[in-house]
1. Kindly indicate the residue of the stretch 206-223 that is among the hydrophobic types (A, V, I, L, M, F, W, C) and free of Cβ contacts under 8 Å to residues at least 60 places away in the same chain and also surrounded by the most Cβ atoms within 10 Å (Cβ to Cβ) among those meeting that condition.
2. So for the stretch 160-167 (the condition being at pLDDT below 90, under 26 Å from residue 120 (Cβ atoms) and not charged (D, E, K, R)), does at least one residue qualify?
3. Filter the stretch 78-97 for residues that are of a type in the set (Asp, Glu) and at pLDDT 95 or above and give the result.
4. Please verify whether residue 270 is modelled with pLDDT under 95 and touching a Leu at 6+ places or on another chain (Cβ under 8 Å), treating the condition exactly as stated.
5. If residue 227 meets every condition in (1) polar (S, T, N, Q); (2) at pLDDT 95 or above; (3) more than 30 Å from residue 93 (Cα to Cα) apart from one, which number is that one?
6. Go through 104, 120, 154, 134 for me and flag whichever is small (Gly, Ala, Ser) and free of Cβ contacts under 8 Å to residues at least 40 places away in the same chain.
7. Go over the candidates 80, 51 one by one and state the one that is crowded, with 17+ Cβ neighbours inside 10 Å and free of Cβ contacts under 8 Å to residues at least 24 places away in the same chain.
8. Conditions first: (1) touching a residue at least 60 places away in the same chain (Cβ under 8 Å); (2) farther than 25 Å from residue 157 by Cβ. Residue 115 passes all but one, so which condition is the exception?
Amino acid sequence: MRNLLNIAVEAALDAGKHIMEIYSSGDFNLQLKGDGSPLTRADLASHQAILKHLESTGIPVLSEEGRSISHPERASWTKLWIIDPIDGTKEFIKRNGEFTVNIALVENGIPIMGVVYVPAKRVLFTGSSGGEDAHAARVLGGEDGWSADDWLRAGLSIPTEIKNRPFTVVVSRSHMSSATDDYIKELKGIYGQIETISTGSSLKLCMVAAGEADCYPRFAPTMEWDTAAGHAVCLAAGCDVLNWESKEPLTYNREDLINPWFLACGPGMAGNQSK
């Protein structure tokens, strides 16, 4: 598991290097996919960089930029990588730094390891679950030339306790919905003062894992590659990511790669949720 985590971190760092070279150049070669979502040459460069590292593991890969693999083929995969070369391409185009590289290892539908790298901010989140060995960490401000081992050694365990903050909800910067607004109103009736933070990409899941937010309601479409890595970090940090309708844990490598509505929440909050 440690070796696979090292490889995933190396892949994320290499992808981040390619992304930032293009980010700095401003030459994005912006295109629109068939579903209307944006695609830049940074997405493709990151995709290729990640595949180069993961191919040595012999574990199949499901990527946003390689989504055409049929479910009958994927259904035989008990273990797979789920990656998003750039999560938050809209944030990349806006140049606000709130985009991530997402790499998750999924086994039997459960994300057991995740790496989320924020190249514009030089922040790395990692999480791996293995019973009592579950561990989540964050590195703030890694240095040039650091190896994957250096980044992992610099990680500080999360979540961290933040005292005297109000109940905090993190929401999407680019994909808010009326259902989310209604849920926040319900939370105000329960917790009183509520702080709402808007941010992009899988950073929202990582904020819950880090203890900076109590929950992240996502009542709008996402794809499996948007959430798998952040979900793994949440699980390793003792948090939950639940299918909103069933209240069961969100699972992966489903026939339909579009996620249902979900709620990511900190330790203890899941038991308080009702339909």
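The values are calculated or read from the model by the stated rules, or taken from the named source; none is laboratory data. None of these values were measured; they are calculated from a predicted model. With ideal geometry, Cβ positions are generated from the backbone for all residues, glycine too; neighbour counts draw on all protein chains shown.
1. Step one: list which residues in the stretch 206-223 are among the hydrophobic types (A, V, I, L, M, F, W, C), which gives 206-210, 213, 215, 219-220, 223.
Checking the rest, the ones that are also free of Cβ contacts under 8 Å to residues at least 60 places away in the same chain come to 207-208, 213, 215, 219-220.
On the way: 207: 24, 208: 30, 213: 27, 215: 24, 219: 20, 220: 16.
For the stretch 206-223, the residue satisfying everything is 208.
2. There is at least one residue in the stretch 160-167 that is at pLDDT below 90, under 26 Å from residue 120 (Cβ atoms) and not charged (D, E, K, R).
3. Within the stretch 78-97, the subset of a type in the set (Asp, Glu) is 84, 87, 91.
Selection gives 84, 87.
4. Numbers: modelled with pLDDT under 95: yes; touching a Leu at 6+ places or on another chain (Cβ under 8 Å): yes.
Here the answer is yes, as residue 270 does meet what is asked.
5. Among (1) polar (S, T, N, Q); (2) at pLDDT 95 or above; (3) more than 30 Å from residue 93 (Cα to Cα), residue 227 violates only (3).
6. After ruling out the rest, the residue left standing is 154.
7. Every option except 51 fails the conditions.
8. (2)
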